[in-house]
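Take a look at the structure below.
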Amino acid sequence: MKKSSGIKIVIIGIVLAALVIGYYFYLSNKTQKTEEEVVESTQVQTVLMRDLEKNYPPTPKEVLKYFNEISMCFYNEKYTDDELAQLAVKIQGIYDTELIANKTQEQYLEDLKNDIVEMKSNDRSISSCQLPASTDVEFFSENGDSCARIYCTYSIRQGTNMIQSRLVFVLRQDDDKHWKILGWDLDD
């Protein structure tokens, strides 16, 4: 009887030891995989990952917030030529068709590159973008279209100086009820 209870204790001890060792190896391998999967993405990559088909900004203010994120990437971040072209396509995804029709894709990309070179050669970068409260968005109707007017203040750093610039944006709803940027201009 003592022999069989001793054998049972040894078998239970071996099984418990195997479980502890197995669980240890499971946790060790799981942690390594998690560490390998964590890859930091740049601001450019984060902006490019947004799927406008599934996750379009719902309000004029959110559209401008995304516009500003892309603009900050243009003027403040490092990126490849391919990423620049992808950013240009992303920003055109929030432009009204009437605005896009003003230039071909090649003209738009060339003008964008020239604008970026000019900003950087003048040692300028966008320091911040300030959007007004949602209640400050002016909604109106023009030619049967739902439109919105919104003001955005940009702080532009030039060397050690800060320049404030205020732009007025006009957005129009498309057939899918998405707010699209129709145009913008300096506020008087």
| task | Tally the DSSP beta bridges in the chain and give the antiparallel ones as a percent, rounded to 5. | result | 95
| Å² of accessible area per residue within the chain, as computed with a 1.4 Å probe and no ligands counted | 68
| message | What does the net charge come to around residue 178 if you take all other residues with beta carbon closer than 11 Å to its beta carbon, with K and R at +1 and D and E at -1? | response | -3
| remark: Charge dipole of the chain built from unit charges on the beta carbon (Lys, Arg +1; Asp, Glu -1), centred at mean Cα; most positive-end Cα among 88, 165, 144 is 88
| request: Could you work out which residue, out of 176, 115, 136, moves most in a Gaussian network model of the chain, that is, has the largest mean-square fluctuation with Cα springs under 10 Å? | output: 176
| What size of dipole, in debye to the nearest 20, comes out for the chain about its Cα centre when the only charges are +1 on Lys and Arg C-beta atoms and -1 on Asp and Glu C-beta atoms? | 1780
| Where does the chain land on the Kirkwood hydrodynamic radius, alpha-carbon pairs, in angstrom? | 20.5
| query | With axes computed from alpha carbons, what is the tilt in degrees of helix 60-76 against the longest principal axis of the chain, rounded to the nearest 10 within 0 to 90? | reply | 80
| field | Greater than 29 Å apart at Cα, pairs in 30/90; 90/177; 30/78 | value | 30/90; 30/78
| Mind checking which of 159, 22, 93 has the largest fluctuation in a GNM of the chain, springs on alpha carbons under 10 Å? | 22
| At a 1.4 Å probe radius, carbon and sulfur cover how many percent of the accessible area of the range 30-188? | 46
| field | residue 180 long-range amide H proximity, modeled H, under 5 Å | value | 172, 173, 174
| said: What are the ³J(HN,Hα) couplings of the range 162-176, residue after residue, when phi is run through the Karplus curve with 6.51, -1.76, 1.60 and θ = phi - 60°? Round to Hz, x for glycine and proline. | reply: 10, 10, 9, 9, 10, 10, 10, 10, 10, 10, 9, 7, 8, 5, 8
| the range 82-187 - Debye-derived log10 I(q)/I(0), Cα point model, q = 0.12, 0.18, 0.22, 0.25 Å⁻¹ | -0.51, -1.08, -1.31, -1.36
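The values are calculated or read from the model by the stated rules, or taken from the named source; none is laboratory data. Everything quoted here is computed from the prediction, not taken from an experiment. Here Cβ is always computed from backbone atoms with ideal geometry, including for glycine, and neighbour counts include all displayed protein chains. Accessible surface is based on the protein model in full, side chains and every heavy atom, while ligands, DNA and RNA are left aside. Shrake-Rupley method; radii C 1.70, N 1.55, O 1.52, S 1.80 Å.
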